[in-house]
Structure formats: structure tokens, C-alpha cells
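*Asks:* Following this message is one structure expressed as C-alpha cells.
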């Protein structure tokens with residue numbers, strides 16, 4: 001099972017690369033959204049899944065990536081690539097500035113501190129003339145969904161390779177040690193502050209690029225959509241649904257949830273959100289350690305697995 | 001008899017008037033001691049005597065209110081815990097803290113990756129971890145999940161984690177608590193094996209028999225103060241020590 005996962009992932013990635021040539025326009029558009037969301041969930045996984053720090057501030061990096069790209073392209077007529085780099089730099093600076101003070105907080109206190117970041121950023125960008133204040137910015141139009149699709153796929157692949165490296169490296173061992181017991185990790189020589197802040201900065205890079213790609217694709221940016229806290233909630237849900245702290249869990253989790261949501265929205269448009277919430281509640285009850293944990297059990301999985309989870313959680 | 005050349009062993013750790021206050025409560029009061037290379041200091045005292053607080057100040061999880069912690073001639077009061085680990089201070093925890101979600105081997109590899117030896121490659125760190133697990137007698141459980149281990153094996157894991165950091169000073173905080181007499185003997189043997197590696201050892205323990213057989217010197221803490229320090233047999237027969245532990249003898 002374990003040996004099969006990696007070749008299988010390569011095959012899936014290759015197959016996905018050919019989708020724009022065979023799939024319909026709506027399928028490609030769904031694909032772009034799903035791939036970008038998977039990237040967000042995967043980058044949230046770096047600090048959240050491996051380091052155990054639940055952040056609700058990652059959507060800020062998405063917004064910074066969005067605005068960095070948009071400002072560079074509209075106000076300065078810079079090419080898309082340069083815009084992305086500016087967005088990434090903004091996000092990295094933001095991650096370091098935010099991370100240094102608030103990563104001293106632990107557990108729920110960290111999560112609470114990150115909650116306010118979105119609102120603060122939205123207020124700032126609503127009052128920046130260079131960012132179009134609260135009206136927003138309109139980017140040059142590029143009718144090339146296939147390109148955006150391949151960009152999003154490439155980004156997800158790079159992000160997942162990074163997480164694969166983390167899972168097998170000294171760096172990742174430090175993060176997991178921090179997640180399991182930060183005091184014990186410190187006494188064993190792990191520089192927790194450096195590790196946590198760098199994990200947040202690393203996550204901010206991929207998150208910002210995803211934001212930049214989405215901005216150019218949707219051609220419109222405003223404060224409410226760039227600094228959308230529900231986007232952050234989706235990152236958390238998708239990552240936790242798939243399996244936090246695993247390499248492929250967040251990707252699979254977000255693909256599955258994107259598909260579920262799409263089907264629900266098509267069938268019963270108004271009640272979709274309600275049913276989607278129901279699906280997530282069921283998932284958390286029956287498989288609190290995510291899809292990856294279910295898959296790891298392989299064929300041995302049976303109803304007993306789900307019953308045990310319910311017992312363990314005293315439901 | 002082999003006549004070893006007489007050199008005074010180097011002092012590894014020294015505290016000078018170490019004091020820790022928690023608001024009004026004085027947990028450790030003006031404690032000074034030193035441990036030389038290859039020496040084992042046993043620390044005993046009733047519950048709440050300040051033993052663990054002392055260890056916390058040496059390992060860096062607490063900062064002293066007064067006094068100095070001197071490691072190999074350098075005052076390390078302001079050095080954070082992770083850097084003390086790099087210098088060569090390792091400890092075990094009274095409430096054991098294995099990393100769940102990691103195998104036994106990976107748990108120990110963390111020490112090899114981040115301790116004084118600081119291996120950069122995973123393969124080398126795992127190799128070292130394997131050696132230390134053999135050393136502590138846990139070689140057969142290498143691939144088990146850390147949370148699957150039972151009491152005595154958890155202690156072995158705790159030892160292996162600390163040892164893989166290649167410490168110069170090892171602080172053992174009540175490693176025998178909760179063990180039966182047979183297991184205590186096993187741990188005593190293990191500590192004797194560790195002693196022969198030449199590092200400085202500080203052993204906090206309640207099991208007096210074990211302390212007597214392990215220690216070169218015994219220090220007694222009572223209400224945060226040092227009330228005795230010296231030869232184990234003499235200290236353990238000191239009336240003041242007996243009184244601290246058992247109360248006044250009625251005559």
C-alpha cells in the first residue's frame with residue numbers, strides 16, 4: 001500500500017494535466033477552483049497539520065498574494081509573473097511580522113489571535129487608494145482557462161512535493177515534535193520559534209501564489225473577496241477532513257469535498273450549504289483523523305473502525 | 001589495582017545560590033552544588049522539596065529568581081532551553097512525554113537530530129537512534145508507535161531520547177516512580193551502564209536503596225533548602241535527613 005501511493009500520485013497528476021484537452025469548459029473551471037483550494041489546504045497543512053498550530057490567518061496571505069498581483073498588474077503594468085513575486089514577498093513579510101509575536105501563544109490562544117487578522121487587513125486595504133479602496137481593482141483579461149488550470153496544477157504539485165520533503169526531513173521531525181509536546185521538543189534542542197515562524201512563512205508562499213493566480217483568472221479583486229475568512233475555514237475543513245499531518249490527505253480531502261459541494265449545489269441549490277455541513281459533521285464523527293487514516297488501514301477497515309472512533313470520542 | 005593518573009575531574013554543572021520564588025512561595029532557596037565529569041549526584045527530599053524545580057532551572061524550562069546556573073564555566077541563566085540542549089544538557093521528565101504519532105525510532109531520532117551531536121541527515125540520525133535503543137534494551141520495539149509502549153518501556157524510551165542527544169549532563173527526574181522492584185533493578189543497571197559513559201548525572205529519586213547504590217554523593221533538599229550534601233551512607237544516616245523524611249523520633 002505504502003509503496004503504491006507515490007507512483008499512483010504521479011499518475012494522477014499526469015492524468016490531471018491532460019484534462020483541459022479533453023474536458024469541458026465547466027470542468028476545467030471546476031478544476032481550477034478545486035486545485036487552488038487543494039493548494040490552500042495543503043499549505044495550511046504545513047503549520048496546522050505538522051506543527052499542530054491551527055491558524056485562521058492564512059487567508060490573509062491569500063489576500064496579500066491577490067492584491068500584490070493585482071496592484072502590480074493594474075497600477076504598474078507589470079507582467080503576471082512579477083506580480084506573483086511581489087504578492088509572495090508581501091505575504092512572506094506579513095507571515096514573519098505576524099508570526100513572531102503571535103506564535104508565542106499556544107493552542108486555542110493562537111487560533112483566537114489569528115481570527116482578527118482578516119478583519120484588520122480588510123480594513124486596511126479598503127482604505128488604500130493604490131488598492132482601489134473599497135471598490136477594488138480590475139485586472140487585464142486573459143481568456144485562457146487551460147493556462148490557469150496548468151498553473152494551478154503545477155502549484156499544487158510543487159506544494160505537495162514540499163510537504164513530502166517535510167514529512168521525511170529533519171525540519172518535519174522538528175515540527176511534529178512541536179505538535180506533540182512543545183516543551184519536550186525545546187528541551188531536546190528544537191528551536192520552536194524559528195521552526196514555527198518558518199512554517200508559517202513557507203505556507204504563506206503557496207497561499208499567496210494561489211491568491212495571485214485566482215486574481216488574474218477572475219480578473220477582479222476587492223477587499224471582501226480577498227480577505228475572506230470563510231476561505232480559511234474551508235482550508236481547515238478540507239485539511240482536517242483529508243488527514244492533517246499527512247502528505248496526500250489534504251489534497252484528497254479537498255478534491256472530495258469540492259466534488260461533493262459541486263454535486264450538492266447542482267442538485268439542490270439552496271440546501272447545498274446545509275447538506276455540506278451535515279457531510280462534514282458526519283466525517284468528523286466517523287473519521288476524526290481524516291480520510292488518510294481510513295486509507296492507511298487498507299482492507300482491514302470495516303464498520304468496526306467507525307464504531308471505535310465513536311467510542312473513543314464518547315459520542 | 002590500576003593506578004589511574006590523578007587529575008581533578010572537570011566541573012560540568014554548578015549552581016550558585018540558586019533561588020526560585022513563585023509569588024510568595026520559595027520553591028528553591030539558595031542552593032549551591034556542583035557535579036564533576038563522570039560523577040553521579042543523587043538528589044532526595046520529600047514531595048515539594050523543590051527537586052523538579054531545580055531540574056527545570058538547569059534544563060531551562062524555568063528561569064531562576066536569583067543565583068546562577070553555570071555549565072562548563074559559562075553562566076547560562078539567559079540561554080533558552082533548546083540552546084542548552086545543544087550545549088549538552090539533557091533531561092527526562094517525571095511525567096513522561098513521548099511524541100505520539102511517531103514511532104519509537106523516530107522519537108529517539110529527534111534527539112540525535114537536534115541534540116549536541118545534531119545529525120543533519122535522517123538516515124544517520126535513525127542509525128544512532130537504533131544504537132541507543134539497543135543500549136537501553138528497547139531494540140525489539142523500534143517500529144512500535146510511542147503511545148503503544150507500557151510503563152517500563154516508556155522509561156527506556158525516555159532514556160534513549162535523552163541519551164541520543166549526546167549530553168554532557170543528564171538530569172533524571174524520578175525515573176523509577178511507578179516501577180516494581182524488579183524493574184527498579186533493571187533501571188539501576190541501566191543507569192550504571194550510562195555512568196560508565198563518563199557524563200555527569202543528576203538523579204532525583206525516592207527509592208533510597210537505588211540512590212545509595214548509584215550515587216557518588218547525595219544531596220538532600222527540604223523546603224527548598226539544601227540540608228545535607230556528601231557521602232551517601234553518611235547523609236542517609238544523618239538525623240536531620242531522617243527527620244525530614246519521617247518526622248521527629250518520639251522518645
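The values are calculated or read from the model by the stated rules, or taken from the named source; none is laboratory data. Worth saying up front: this structure is predicted, and the values here are computed from it rather than measured. Methodologically, a virtual Cβ is constructed for each residue, glycine included, from the backbone with ideal geometry; neighbour enumeration extends over all protein chains shown.
*Asks:* Just name the residue that is nearest to the chain's Cα centre (by Cα) out of those in the stretch B:55-75 that are surrounded by 15 or more Cβ atoms within 10 Å (Cβ to Cβ) and within 14 Å of another protein chain (Cβ to nearest Cβ).
*Replies:* Ranking the candidates gives B:55 first.
*Asks:* With B:177, B:118 as the choices, which residue is on the phi > 0 side of the Ramachandran plot and in a loop (DSSP other than H, G, I, E, B)?
*Replies:* Result of the check over B:177, B:118: B:118.
*Asks:* For the subset of the stretch A:169-187 comprising residues that are more than 7 Å from chain B (Cβ to nearest Cβ) and more than 15 Å from residue B:80 (Cβ to Cβ), which member is surrounded by the most Cβ atoms within 10 Å (Cβ to Cβ)?
*Replies:* If we take residues in the stretch A:169-187 being more than 7 Å from chain B (Cβ to nearest Cβ) and more than 15 Å from residue B:80 (Cβ to Cβ), then A:175 is surrounded by the most Cβ atoms within 10 Å (Cβ to Cβ).
*Asks:* How many of the residues in the stretch B:180-192 are loosely packed, with under 13 Cβ neighbours inside 10 Å and in a helix (DSSP H, G or I)?
*Replies:* Residues flagged as loosely packed, with under 13 Cβ neighbours inside 10 Å and in a helix (DSSP H, G or I) within the stretch B:180-192 amount to 4.
*Asks:* Working only within the stretch A:107-144, note down all residues that are buried (at least 16 other Cβ atoms within 10 Å of the Cβ), over 30 Å from residue A:180 (Cα atoms) and out of contact with any strand residue (DSSP E or B) (no Cβ under 8 Å at 6 or more places or on another chain).
*Replies:* A:121, A:122, A:125, A:126
*Asks:* The conditions are (1) facing another protein chain (nearest Cβ under 10 Å); (2) closer than 20 Å to residue B:201 by Cβ, and residue B:40 fails exactly one of them. Which is it?
*Replies:* All conditions pass for residue B:40, except number (1).
*Asks:* Within the stretch A:284-294, can one find any residue that is touching a residue at least 40 places away in the same chain (Cβ under 8 Å), buried (at least 24 other Cβ atoms within 10 Å of the Cβ), more than 14 Å from chain B (Cβ to nearest Cβ) and within 21 Å of residue A:160 (Cβ to Cβ)?
*Replies:* No, because not a single residue in the stretch A:284-294 is touching a residue at least 40 places away in the same chain (Cβ under 8 Å), buried (at least 24 other Cβ atoms within 10 Å of the Cβ), more than 14 Å from chain B (Cβ to nearest Cβ) and within 21 Å of residue A:160 (Cβ to Cβ).
*Asks:* So, one more: Working only within the stretch B:101-115, note down all residues that are outside any strand (DSSP E or B), surrounded by fewer than 24 Cβ atoms within 10 Å (Cβ to Cβ) and more than 10 Å from every other protein chain (Cβ to nearest Cβ).
*Replies:* B:105
*Asks:* While we're here: Here are some residues: A:26, A:69. Which one is in contact with a strand residue (DSSP E or B) (Cβ under 9 Å, 6 or more places away or on another chain) and farther than 28 Å from residue A:294 by Cβ?
*Replies:* Just a single option satisfies the conditions, and that option is A:69.
*Asks:* Sticking with this structure for a sec: Just checking, which of A:205, A:213 is touching a residue at least 60 places away in the same chain (Cβ under 8 Å) and buried (at least 24 other Cβ atoms within 10 Å of the Cβ)?
*Replies:* A:213
*Asks:* Given the criterion within 13 Å of the chain's Cα centre (by Cα) and within 17 Å of residue B:41 (Cα to Cα), identify the matching residue among B:221, B:236, B:169.
*Replies:* B:169
*Asks:* Here is a check on your reading of the model: is residue B:120 modelled with pLDDT of 90 or more and surrounded by fewer than 24 Cβ atoms within 10 Å (Cβ to Cβ)?
*Replies:* no
*Asks:* Now for a separate question. Hey, among A:156, A:139, which residue is in contact (Cβ under 8 Å) with a residue 60 or more places away in the chain and over 20 Å from the mean Cα position of the chain (by Cα)?
*Replies:* A:139
*Asks:* In the stretch A:180-199, which residues are touching a residue at least 40 places away in the same chain (Cβ under 8 Å) and either over 24 Å from residue A:91 (Cα atoms) or more than 25 Å from the chain's Cα centre (by Cα) (or both)?
*Replies:* The answer is A:180, A:182.
*Asks:* Tell me which of these residue B:87 doesn't satisfy, since it passes every other one: (1) under 22 Å from residue B:186 (Cα atoms); (2) modelled with pLDDT of 95 or more; (3) facing chain A (nearest Cβ under 10 Å).
*Replies:* (1)
*Asks:* Would you confirm whether or not the stretch A:257-267 contains a residue that is modelled with pLDDT under 95, out of contact with any strand residue (DSSP E or B) (no Cβ under 7 Å at 6 or more places or on another chain) and crowded, with 23+ Cβ neighbours inside 10 Å?
*Replies:* Scanning the stretch A:257-267, I find at least one residue that is modelled with pLDDT under 95, out of contact with any strand residue (DSSP E or B) (no Cβ under 7 Å at 6 or more places or on another chain) and crowded, with 23+ Cβ neighbours inside 10 Å, so the answer is yes.
*Asks:* So, one more: Would you mind telling me which numbered condition in (1) assigned to a helix (DSSP H, G or I); (2) closer than 24 Å to residue A:150 by Cα; (3) touching a residue at least 24 places away in the same chain (Cβ under 8 Å) residue A:240 fails?
*Replies:* Status for residue A:240: all satisfied but (2).
*Asks:* Which one of B:226, B:192 is touching a residue at least 60 places away in the same chain (Cβ under 8 Å) and in the same structural domain as residue B:46 (by TED's automatic domain parsing)?
*Replies:* B:226
*Asks:* Right, another one. Go through the stretch A:216-235 residue by residue and tally those that are assigned to a helix (DSSP H, G or I) and surrounded by fewer than 19 Cβ atoms within 10 Å (Cβ to Cβ).
*Replies:* Number satisfying all stated conditions: 6.
*Asks:* Among (1) in contact with a strand residue (DSSP E or B) (Cβ under 9 Å, 6 or more places away or on another chain); (2) at pLDDT 95 or above, where does residue A:219 come up short?
*Replies:* Only one criterion is unmet by residue A:219, namely (2).
*Asks:* Right, another one. Name the single residue that is surrounded by the fewest Cβ atoms within 10 Å (Cβ to Cβ) among those in the stretch B:141-165 being within 12 Å of chain A (Cβ to nearest Cβ) and out of contact with any helix residue (DSSP H, G or I) (no Cβ under 8 Å at 6 or more places or on another chain).
*Replies:* Within the stretch B:141-165, the match that is surrounded by the fewest Cβ atoms within 10 Å (Cβ to Cβ) is B:147.
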